[in-house]
Amino acid sequence: MSRYGSGFREPPWVMGSPKEVMDWVEASHPRKEEKEKHRFEKKFLNNLHIRFDFDVDHKLIKSSCVFCRLARLNKIEEDFELLSTVELILRGLAKAKFKNTAKIVVDGKVIYKHPEKKTDLRKTIENISDFSKEISQGNTVEITALLDDIEKSTAIIKVKRVHREKEHSVDIQIKGKIRVDIYHTFVNYLEEKIGLVED
């Protein structure tokens with residue numbers, strides 16, 4: 001407290017004892033350990049679920065079953081390119097430090113499975129043309145990617161060109177813990193490249 005009643009703390013050489021000098025130094029310049037503790041404090045998110053649709057033309061495929069129509073089980077076919085969408089999502093995962101593509105499934109058929117490899121996600125992106133025929137002709141692609149860092153989590157991404165009315169074009173589930181900064185890196189990449197807007 002200052003001699004003049006203001007809330008500003010005066011330096012100790014104006015008033016003080018050795019204890020006051022140390023109190024002032026601690027208040028003005030926190031110890032290194034306190035700075036480090038504050039700097040490395042990490043926040044995590046658990047079991048995320050992200051769903052979104054594309055703003056593209058779509059065609060309603062009506063079911064012949066009356067009950068199915070009432071229950072909104074009709075299907076929608078959306079007009080977007082599956083291969084380029086899958087590639088963008090894989091690039092977003094790579095940016096967010098996911099390193100392993102465990103599996104790629106097209107219309108229920110496994111076309112790539114290497115869970116034992118440690119860092120094959122970037123190679124998968126480079127060699128995506130190897131799967132281009134199957135993915136381009138398919139209606140649904142499911143990708144399983146692994147994050148094996150300080151925390152371990154699994155991302156299951158389903159991209160559907162044909163889906164039920166109640167479902168979404170892209171469904172992303174991240175099981176396990178993921179750091180907030182990694183999540184934002186992934187979402188920001190999707191916002192930039194796909195035009196994703198959060199609700």
**OP:** Tell me, please, whether a residue that is under 19 Å from VAL105 (Cβ atoms) and assigned by TED's automatic domain parsing to the domain that holds VAL105 can be found in region 175-185.
**Re:** yes
Subject >> Filtered residue count, region 79-115, keeping only those that are within 19 Å of ILE61 (Cα to Cα) and either surrounded by fewer than 19 Cβ atoms within 10 Å (Cβ to Cβ) or under 18 Å from the mean Cα position of the chain (by Cα) (or both) >> reply: 4
Subject >> Selection from region 142-159 of residues that are at pLDDT 90 or above and of a type in the set (Lys, Arg) >> reply: LYS158
**OP:** Could you tell me whether region 122-141 includes any residue that is under 17 Å from the mean Cα position of the chain (by Cα), of a type in the set (Asp, Glu) and closer than 23 Å to ILE194 by Cα?
**Re:** no
Subject >> First in region 159-179 and over 13 Å from LEU73 (Cβ atoms) and surrounded by fewer than 19 Cβ atoms within 10 Å (Cβ to Cβ), second anywhere and of a type in the set (Gly, Ala, Ser) and at pLDDT 90 or above, Cβ under 8 Å, 6 or more apart >> reply: GLN173/ALA155; LYS175/ALA155
**OP:** Sort out which residues of region 123-133 are charged (D, E, K, R) and surrounded by 14 or more Cβ atoms within 10 Å (Cβ to Cβ), and write them in order of number.
**Re:** none
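The values are calculated or read from the model by the stated rules, or taken from the named source; none is laboratory data. As the structure is a computational prediction, the values presented were derived from the model and not from experiment. A quick note on method: Cβ atoms are made from the backbone with ideal geometry, for glycine too, and the neighbour counts reach across all protein chains shown.
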